[in-house]
1. Using 0.36 nm per residue, how much length does the chain from Thr241 to Lys279 gain when fully extended, once their Cα-Cα distance is taken away?
2. In this model, which of Lys143/Lys228; Lys163/Lys270; Lys163/Lys228 are farther than 18 Å apart at the alpha-carbon?
3. Pull out the extension gain between Ser142 and Ser227, defined as 0.36 nm times the separation in residues minus the alpha carbon to alpha carbon distance; nm, one decimal.
4. Give me a comma-separated list of calculated 3J(HN,Hα) values for region 88-94, in order, Karplus coefficients 6.51, -1.76, 1.60 applied at θ = phi - 60°, integers in Hz, x for any Gly or Pro.
5. Quick one: work out Rg over Rh on the C-alpha atoms of region 96-250, Rh as Kirkwood radius.
6. How would you classify region 84-159 from its alpha-carbon gyration tensor, with a ≥ b ≥ c the square roots of the eigenvalues: rounded for a/c under 1.5, else prolate if a/b is greater than b/c, otherwise oblate?
7. Based on the mean of other beta carbon atoms within 10 Å per residue, what is the order of 235-242, 121-128, 249-256, most packed first?
8. What does the C-alpha gyration tensor say about the overall shape of region 227-279? Classify as rounded when a/c is under 1.5, otherwise prolate if a/b is larger than b/c, or oblate.
Amino acid sequence: MAGAVAASTALGFSPLTHPTRILVHKGVSNSTLPLSSHGQSFSLLSSTPMHFSSHKSSRRQPLFLAQVASSSAANAEYVEEPETNVKLQTCLNFPGCSNSLTLFGTGYRENVFAIVSVKVYTAGLYLDQHITRELNAWKGQSKDAIQGNSSLFQTIFQSSFGKSLQIILARNIHGKTFWEALSDAISPRIPASTTADEIALSIFRSVFLDRPLKKGTFIILTWLKPSKLLVSVSSNGLPSTVDAAIESENVSCALFNVFLGDSPVSPSLKASVAEGLSKVLK
């Protein structure tokens, strides 16, 4: 933790409580997304014990859209994450990925200090729609059943079809702080690290170490194939180039497990993805 925030402060996540809003924007730049602003640095990804803020519950609308609009910035369809009010395009072509990927869920990362909850970033999971063909064993299952089914998420992890995590920062963070939090979350999820894994982590680290990450920065983590992860970072809208290629299936699997495994750092994201999948697999 940085500043006046004690290192022992537990991290908290609030459940999503408002319906997701689907919007069509014309002429809106991806670099002008509404984000909260604070100057501190935070532990972003640690799986330490969580406190939950109290909100009235309401049913969340599914994020998956069977028919997605053009992904061009001039005429794009968006989903608004209801807790952060950040808008994510429903269909995108990410750097290094030849196929368009579809948004299956959104969520956010939140720290709770005393009684004040602070949003750290918004996240979205994009999948190649062909992945759903590999999930027929879970047809007809409810959101809750899908959310608690690690085998389904392992099937997604092992699929040769593309998948991508999009993170949009809600505050200024130094790249070193971001990497340290990410590394602390990834490393315990690699059971027996190999030389190839260590090389991959070193390359991954080099993307962030000397890089200030300002509010609104996009971090795109595209799992292109089992042994290849592409990292793209941009503080000026969606990235157009790849910053690094990570050649390690163990590292890639551990990364996605951080967000979609049994102890996800953003429970709201996993819950949203489970709801999106339940709608597709009904």
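1. In short, 10.4 nm is gained.
2. With Cα atoms farther than 18 Å apart: Lys143/Lys228.
3. Working: separation 85, 0.36 × 85 = 30.60 nm, distance 3.11 nm.
Contour length minus Cα-Cα distance gives 27.5 nm.
4. Couplings: 10, 5, 7, 8, 9, 9, 8 Hz.
5. 0.97
6. Values: a/c = 2.63, a/b = 1.37, b/c = 1.92.
It comes out oblate by the Cα gyration axes.
7. By packing density, highest mean first, the sequence is 121-128, 249-256, 235-242.
8. Cα axes put region 227-279 in the oblate bin.
Laboratory data are not the source of any read-out in this text; all were calculated from the coordinates shown. None of the values given here were measured: they were computed from a predicted structure. Quick reminder, even Gly has a Cβ in these numbers, built from the backbone with ideal geometry, and neighbours come from all protein chains shown.
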